[in-house]
Every structure is written in C-alpha cells, then in structure tokens.
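Below is one structure, written out as structure tokens, with a few remarks after it.
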Amino acid sequence: MPTNKTKGSDSERKVLEHAHRGLQLITEYKPKLMGKIQAFMAEAMQPGVLDKKEKERIALGMALTQQCHYCIALHVRSCKNAGVTLEEIMEICAIGIMMGGGPVLTHMAEVERALNEFYLDENGDPV
C-alpha cells in the first residue's frame with residue numbers, strides 16, 4: 001500500500017450490519033427460501049478444486065464488476081480472513097477495472113473504505 005495512508009469516513013462494519021439487517025428481514029418472511037440460498041452460498045464457497053482464498057479473490061473481483069457496495073465490503077473482509085494480501089487486493093482491483101472500466105474504477109472508494117476498516121490500524125498501518 002502506498003505510504004500516503006488515509007482513513008475512510010464510513011465504517012464498513014456498519015455497511016455490513018445494514019446488509020445483514022436486510023437479509024434478516026427477507027429471512028423473517030421467506031425463511032425456507034433464504035435457508036436454501038444461504039446453503040447454496042455456503043456450499044459454493046467450500047474448498048474444492050479452488051481453495052477458500054482463491055474463491056474469495058474471485059468473489060471480490062466479481063463484486064467489483066457488479067458494483068455492489070455491500071459485496072465489496074463483505075469480500076474485502078473475507079479476503080483478509082483468508083490471508084489475501086494488500087498487493088493481491090490491488091491486482092484484483094486492476095483486473096476488475098480492466099473488465100468493468102470507469103464504473104468499477106469509481107468503486108475503488110468502496111475498496112479503500114473496506115481496506116481501512118479491515119486491513120489498516122487507526123494509524124493507517126497494515127495489520
């Protein structure tokens with residue numbers, strides 16, 4: 001990460017809490033449906049030919065090209081938990097920008113906020 005460190009103004013943890021509340025709402029009204037969706041998602045992320053780290057890198061790239069604020073935050077956090085480095089995140093972003101162009105480039109703000117939340121300490125140093 002460059003030495004010019006910044007901290008985002010929005011907490012990505014709050015973004016993820018907001019997304020979780022939305023999922024709770026649909027789960028309340030459609031529990032059987034959401035159970036099946038959640039089971040599918042959990043199974044898709046299980047290690048197979050691709051390991052968890054590789055799947056999270058792919059998911060982050062796809063979240064970028066889909067321009068999903070919530071998914072970007074979720075998968076940056078999951079990438080951190082899977083051992084993906086800051087350098088790998090930047091390569092994923094570069095490929096996402098290559099595939100999605102300018103709209104994906106603008107979503108680097110979402111990536112920065114998530115990196116600040118999950119990859120950097122309060123001084124902007126990597127954790």
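The values are calculated or read from the model by the stated rules, or taken from the named source; none is laboratory data. Please read these numbers as outputs of a predicted model, since none were measured by experiment. As a convention, Cβ positions derive from the backbone with ideal geometry for all residues, glycine included, and neighbour counts pool all protein chains shown.
Worth pointing out:
- Selection of first residues in region 81-107 that are touching a residue at least 40 places away in the same chain (Cβ under 8 Å) and within 19 Å of His69 (Cβ to Cβ) and of second residues that are surrounded by 12 or more Cβ atoms within 10 Å (Cβ to Cβ) and hydroxyl-bearing (Ser, Thr, Tyr), restricted to Cβ pairs under 7 Å at least 6 apart or on distinct chains, gives the following pairs, ordered by first then second residue: Val104/Thr65.
- One residue stands out among those in region 63-92 that are among the hydrophobic types (A, V, I, L, M, F, W, C) and touching a Gly at 6+ places or on another chain (Cβ under 8 Å): the one that is farthest from Arg113 (Cα to Cα), which is Ile92.
- Glu12 vs. criteria out of contact with any helix residue (DSSP H, G or I) (no Cβ under 7 Å at 6 or more places or on another chain) and not hydrophobic (A, V, I, L, M, F, W, C): no
- On the stretch given as region 48-61, residues that are more than 15 Å from Asn81 (Cα to Cα) and either among the charged types (D, E, K, R) or surrounded by fewer than 16 Cβ atoms within 10 Å (Cβ to Cβ) (or both) total 3.
- At least 3 residues being at pLDDT 95 or above and among the basic types (Lys, Arg) is the threshold, and among the helices (runs of 4 or more DSSP H) wholly inside region 1-115 those reaching it are 52-66.
- Some residue of region 69-77 being without any contact (Cβ under 8 Å) to a residue 12 or more places away in the chain and either surrounded by fewer than 18 Cβ atoms within 10 Å (Cβ to Cβ) or within 13 Å of the chain's Cα centre (by Cα) (or both): no
- Leu120 vs. criteria touching a strand residue (DSSP E or B) at 6+ places or on another chain (Cβ under 7 Å), at pLDDT 90 or above and either over 13 Å from Leu60 (Cβ atoms) or surrounded by fewer than 21 Cβ atoms within 10 Å (Cβ to Cβ) (or both): no
- Unmet requirement for Ser11, which otherwise passes all of (1) without any contact (Cβ under 8 Å) to a residue 24 or more places away in the chain; (2) surrounded by fewer than 17 Cβ atoms within 10 Å (Cβ to Cβ): (1)
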